[in-house]
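To keep things clear, I will list the structure first and then write my remarks on it.
Just so you know, all these numbers are worked out from the coordinates, no wet-lab data involved. Given the structure is predicted, the values throughout are model-derived calculations rather than measurements. Please note: Cβ atoms are built from the backbone with ideal geometry, for glycine as well, and neighbour counts cover all protein chains shown.
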Amino acid sequence: MIAESGTDAALARIKRAEPSFWANPFASGTVADDPLGSAVAEAEDRLRRSRTLLTKLFPQLGGQDDPLRSPLRSAAKLAEALGEAPAQASRHWVKADHELPVAGSVKARGGFHEVIAFAEKIAIAHGLIDPHADLAPLADPAARSFFAEYTIVVGSTGNLGMGIGLMASALGFRAVVHMSHDAKAWKKQRLRTHGAIVIEHAGDYAQAVANGRLAAEKDPLAHFVDDECSVDLFAGYAASAPELAAQLRECGIAVDARHPLFVYIPCGVGGAPGGITYGLKRIFGSDVHCIFAEPVQSPSMLVQLIHGVDQLTSVYDMGLSNRTEADGLAVGQASMLVAPLMRTRLDGIYTLSDAQLFSLMRADLASNDFGVEPSAAAAYAGPAFLRTSAGQTYLDKAGLRDTFANATHISWTTGGSLVPSDERAKLNRRAAAAQTFHVEDART
Ligand SMILES: *Cc1c(COP(=O)(O)O)cnc(C)c1O
């Protein structure tokens, strides 16, 4: 065999749709710049001012002081089921965004934030509320009838449409969701039940977004939620970082140079995992190590970061299909807002086959049984990829060999609690029939 350079070998594996771990050679550990810092601080503040509003709009949230907080749950049993040494298993957790209320996915963070930010902006412009005020009055009948003049438009593979559509309808906006062929029927149904207009497209996610953008441009009273480049979405996701930091403190978990934190997050277009990574780096700097998970047929962020962020590159350019059961991750082209921000912040990416996703769900079913959707199960595989030779090489180069035994691992479970019971039964049957989870240790 002719020795391939690191990048050539990585590209060859991508084209062969082979699961693998890629260490980002541009990762810089410490990040000096903070170009979206003020947007993130604003989002944190806006979401704080939205708490009463949210409990008014969604009575089922009543009684919680922070309705948009998701639990941090022990994943010790799952970690052991996936091959972790028993003595280390208690260091594994899930950040359970699949349990986020109303939207049932991470989209409750970015999607809700963007809709609320737009509602706040037009309400201030029309004198309905003062700047920086609590946002509870946005649920009043006067605001509602005012919002009814406006349309919120979004393109989505499913979950973003649900997050945006449900929040927009709750505030009284007209909501139009353009959905790609990947979108599951139950997600469309749920949206329609809640009063959103669902337009189905035969094309992929990027085409659904393009169709939504076009439709919104023709309507002066329409606001288009642009999943490919929205700062409001990104900042809403980033606002999750202080929440996690507080939970780690509550659990007595230290994060410092001696106790690194590893976070594994499923990636589609990059907004959710990119925002979370951005927020975590702002708080923990070089003590947090963020790693994305992508399907082997849809590694959009991986392909973009390998080729450099100056030219657009899609998974189709690699001969891949962008077809996967992980509908939340079925994105062919990464966000060009997010990719440049990940160039130095992201530590690595691993890719998974659909068969492996169901193997991860099988391990979950037999241990913690968190109830995630296939997209979110991708987050479980991080520790296993770090145990491969590629993962070990990364740990050596990053100087993490000595502190790794003290590390805390968090799999960010991005969606799943709203999957209807008949769909859940189907997923569980596939999971039960899957092989035991296994990662091929491709030596290069
Ligand atoms: C949207 C989504 C992601 C990824 O978010 P992007 O912003 O598209 O990268 C991951 N998991 C689930 C379940 C999602 O719905």
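Would you mind putting 16-27, 407-418 in packing order, based on average other-beta-carbon counts within 10 Å, highest first? Provide the component values of the computation, followed by the final result.
Details: 16-27: 18.8, 407-418: 26.0.
Highest-to-lowest ranking by the protection proxy: 407-418, 16-27.
Where both partners of a DSSP beta bridge lie in region 249-387, what percent of those bridges are antiparallel, to the nearest 5? Could the numbers behind the result be given before it?
Details: 1 of 12 bridges.
If I count the DSSP bridges inside region 249-387, around 10 percent turn out antiparallel.
Give me the number: length gained by fully extending Ala202 to Arg73, i.e. 0.36 nm times residue separation minus the C-alpha to C-alpha distance, one decimal in nm.
Stretched out fully, the Ala202 to Arg73 stretch lengthens by 42.6 nm.
Lysines within cross-link reach of Lys77: Cα-Cα under 23 Å, excluding same-chain residues under 8 positions apart?
Within the straight-line limit of under 23 Å, Lys77 reaches these lysines: Lys95.
Go through 349-361, 389-401 and give me the packing order, highest mean Cβ count within 10 Å leading.
Details: 349-361: 23.9, 389-401: 15.8.
For the peptides 349-361, 389-401, the packing ranking is 349-361, 389-401.
Taking 2.2 N^0.38 Å as the expected size of a compact globular protein, what ratio does the Cα radius of gyration of region 291-444 give against it, to two decimals? If you can, show how the numbers build up before the last one.
Working: Rg = 16.2 Å, N = 154, 2.2 N^0.38 = 14.9 Å.
That ratio works out to 1.08.
Apply the Debye scattering formula to region 196-305, with a single equal point scatterer on each alpha-carbon and no solvent, then give log10 I(q)/I(0) at q = 0.11, 0.14, 0.20 Å⁻¹.
With one equal scatterer per Cα and no solvent, log10 I(q)/I(0) is -0.49, -0.71, -1.09.
Could you calculate the FRET efficiency of Arg429 with Asp130 from 1/(1 + (r/R0)^6), where r is the beta carbon distance between them and R0 is 56 Å, rounded to 0.05?
For R0 = 56 Å, the calculated efficiency reads 0.55.
I'd like to compare 370-378, 85-93: which one has the highest average count of other Cβ atoms within 10 Å, and what's the full order after that? Walk me through the numbers before you get to the answer.
Working: 370-378: 28.4, 85-93: 16.3.
Answer by packing, highest mean first, reads 370-378, 85-93.
Out of region 156-240, which trypsin sites (Lys or Arg not before Pro) are coil in DSSP terms and have no more than 11 other C-beta atoms within 10 Å? Please report the intermediate quantities before stating the final value.
Working: sites: Arg174, Lys184, Lys187, Lys188, Arg190, Arg192, Arg213, Lys218; in loops: Lys184, Lys218.
Answer in residue order: Lys218.
Ser38 to Arg258: FRET efficiency via 1/(1 + (r/R0)^6), r the Cβ-Cβ distance, R0 51 Å, to the nearest 0.05?
0.95
Rounded to two decimals, what is Rg over Rh for the chain when you use alpha-carbon atoms and the Kirkwood radius? Walk me through the intermediate numbers first.
Working: Rg = 20.8 Å, Rh = 21.8 Å.
Ratio of gyration radius to Kirkwood radius: 0.95.
In deg cm²/dmol, rounded to 500, what helix-only [θ] at 222 nm does the chain give when every DSSP H run of at least 4 residues adds -39500 (n - 2.57) and the total is split over its residues?
Values: 19 runs with 188 residues, N = 444.
Using -39500 (n - 2.57) per qualifying helix, the result is -12500 deg cm²/dmol.
Gaussian network model of the chain, Cα springs within a sub-10 Å range: biggest mean-square fluctuation belongs to which of Pro340, Pro273, Pro141?
Looking only at Pro340, Pro273, Pro141, the biggest GNM fluctuation is shown by Pro141.
Provide the net charge surrounding His98, with neighbours chosen by a C-beta distance below 13 Å and charges set as Lys +1, Arg +1, Asp -1, Glu -1.
Working: positive: Arg73, Lys95, Lys107, Arg109, Arg424; negative: Asp97, Glu99, Asp364, Asp369, Glu373.
It works out to a net charge of 0.
Around Cys229, under 14 Å between beta carbons, what's the net of Lys plus Arg minus Asp minus Glu among the other residues?
Values: positive: Arg213; negative: Glu114, Asp226, Asp227, Glu228, Asp232.
Once positives and negatives cancel, what remains is -4.
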